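Here the structure is laid out as structure tokens; the discussion comes afterwards.
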Amino acid sequence: MKTFRIGGVHPEGNKLSAARPITIAPLPQVAVFPLGQHIGAPAKPIVNKGDKVIVGQMIAEAGGFVSAPIHSSVSGTVLKIDTIVDASGYAKPAIYIQVEDDVWDESIDRSADLVKIEDRPELTDKEIVAKIQNAGIVGMGGACFPTHVKLSPPPGSKIEWVIINAVECEPYLTADHRLMLEHADEILVGVALLMKAVGVHKGYIAIEGNKPDAIDLMTEKAQAYPDIEIVPLKIKYPQGGEKQLIDAVVGRQVPAPPALPANVGAIIQNVGTAFAVYQAVMKNKPLFERVVTVTGKSLAQPSNFMVRMGTPMQQLIDLCGGLPEDTGKVVGGGPMMGKALINTDVPICKGSSGVLVMNDKEARRGQAGPCIRCGKCVTVCPMGLEPYLLANGTVNEMWDLLEANQITSCIECGSCQFTCPSHRPLLDFVRIGKSTVTGIIKSRVQSK
Ligand code: SF4
Ligand code: SF4
């Protein structure tokens, strides 16, 4: 099996919920929709307090080209437009909707009938991209980059492949795994639509070797799609990083920013995004629900749910038996790249792949000691950076040095922190340094 070449680590998988089929989470009493749940300009509300809305109705329009509209996942009455603390820990403007009944937009095809690509031969590449844009689809692996923007590569780039990220390399998370086991046919149509949208004749679906049942099923189903190949990969974190995935699957390396995967001929999409693309294009269904893993060693029943956006995470934790007494922290996402939540009222958004309840023991960090110059953080960094240097540079506010040492290439994978024998909080420092340097570069460009 193939894998990427530089760095990487092997955290314990802990896929506790892998055998748990996706169940439908009950509707919340109040659904909350932050307006900035994607990269780019926040969406702009197009509803007011007191308005009645139905499931699938657009409630906020895109705030620009690099943005995405937001659709209601529930029917009911707009309570207010206020703020809510989201998974980032910051208060963001949001639309609150009091849930009443479950009335759907009639144009959404709610049947389970599979619509194949050959059933809609008239669909053009432009129509596919427009439907994806109108449905508010963003990268569902957590990056939340608007999908229609990725499908509009910069002029001059020649796209050769669509690569589907189904590696789910974050420990604990099983949402993508279950989606493949339960919706393989829809995913394959979604991949075919993405390929048609960018005019390529080769698609890959990359799956790590710890999901043999998904590899077998997808390989069997893909027999009907000669242009789509299933690629089993060795287990190694962070294989889901775009650059690592491209290296693992087609052996090309993406240069440092601002270079994009498109510059080496690849478009990467998450497997959940491929499913959402199927639903948007073939079923006229905007992105308003997703699969979420709720898990943790002390949780009574780790599970996978199909959840309407805007549902508070606490409601999902309650469905799994409630917060255990020994809870140390609750993380939005997985243990490597996820962020600790300030409270559990945070609503599920488009990028919410998981909720991880860590017990005291797991949540406790080792006492940070001095750097012993072992070089392990350098060896495991998948971007070839020197994390100890980047962390020190941040502490000492040496922004020029950080820029010169490519801190903006950091993918915030946490491999350095995971491996440091002195328990140094490398990722925390590198994140601060990266956001400061990114801000400096942006203001320099704007002042020119
Ligand atoms: S420096 Fe960034 S890319 Fe490198 S290991 Fe640390 S978090 Fe990952
Ligand atoms: S892994 Fe930790 S101790 Fe080793 S060089 Fe990096 S920062 Fe220093």
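Tabulated data for the structure shown
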read-out	value
Size of charge dipole - the range 117-283 - debye, nearest 20, with Cβ of Lys, Arg +1 and Asp, Glu -1, no other charges	520
Percentage, to the nearest whole number, of Cα pairs in the range 67-114 over 19 Å apart	45
Charge context of P69, other residues only, Cβ under 13 angstrom, K/R +1, D/E -1	+2
Global form of the range 264-399, assessed from the alpha-carbon gyration tensor, a/c cut-off 1.5	oblate
All-pairs alpha carbon distance profile, the range 117-283, 5 Å steps from 0, percent	1, 9, 20, 24, 22, 15, 7, 2, 0
Highest-first arrangement of 172-182, 363-373, 215-225, where packing means the average Cβ count within 10 Å	172-182, 215-225, 363-373
Charge sum, other residues only, whose C-beta stays under 12 Å from E242's C-beta, Lys/Arg counted +1 and Asp/Glu -1	+2
Length added when fully stretched, Q223-D82, from 0.36 nm per residue minus Cα-Cα	45.8 nm
Centre separation in Å (Cα based) which lies between the range 389-448 and the range 322-374	21
Separation between Cα centres of the range 1-52 and the range 115-176, rounded to whole Å	16
Protection proxy ranking of 334-342, 102-110 - average other beta-carbon atoms within 10 Å, highest first	334-342, 102-110
Gyration tensor (alpha-carbon) shape descriptor, the chain, a/c threshold 1.5	rounded
Segments 280-293, 198-211 sorted - mean Cβ within 10 Å per residue, highest first	280-293, 198-211
Whether the range 108-172 is rounded, prolate or oblate, judged on the alpha carbon gyration tensor where a/c under 1.5 counts as rounded	oblate
Theoretical FRET efficiency, 1/(1+(r/R0)^6), r = Cβ-Cβ of H201 and M1, R0 22 Å, to 0.05	0.35
Size of the range 27-98 as Cα extents on the principal axes (Å, biggest first)	28, 25, 20
Student exercise, the chain dipole from Lys, Arg, Asp, Glu Cβ charges, in Debye to nearest 20	1280
Cα-based Lys proximity count in the range 117-283, under 16 Å, for pairs eight or more positions apart or on separate chains	14
Equivalent ellipsoid semi-axes, the range 376-447, via Cα gyration tensor eigenvalues times 5, rooted, Å	22, 11, 9
The chain: antiparallel DSSP beta bridges as a percent of all, rounded to 5	60
Centre separation in Å (Cα based) which lies between the range 259-282 and the range 185-237	12
Charge dipole (debye, nearest 20) of the range 376-447; +1 at Cβ of Lys and Arg, -1 at Cβ of Asp and Glu	100
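Values in this text are rule-based calculations from the coordinates and carry no lab data. Bear in mind the structure is a predicted one, so any value in this text is a computation, not a measurement. Don't worry about glycine lacking a Cβ; one is built from the backbone with ideal geometry, like all the others, and counts go over all protein chains shown.
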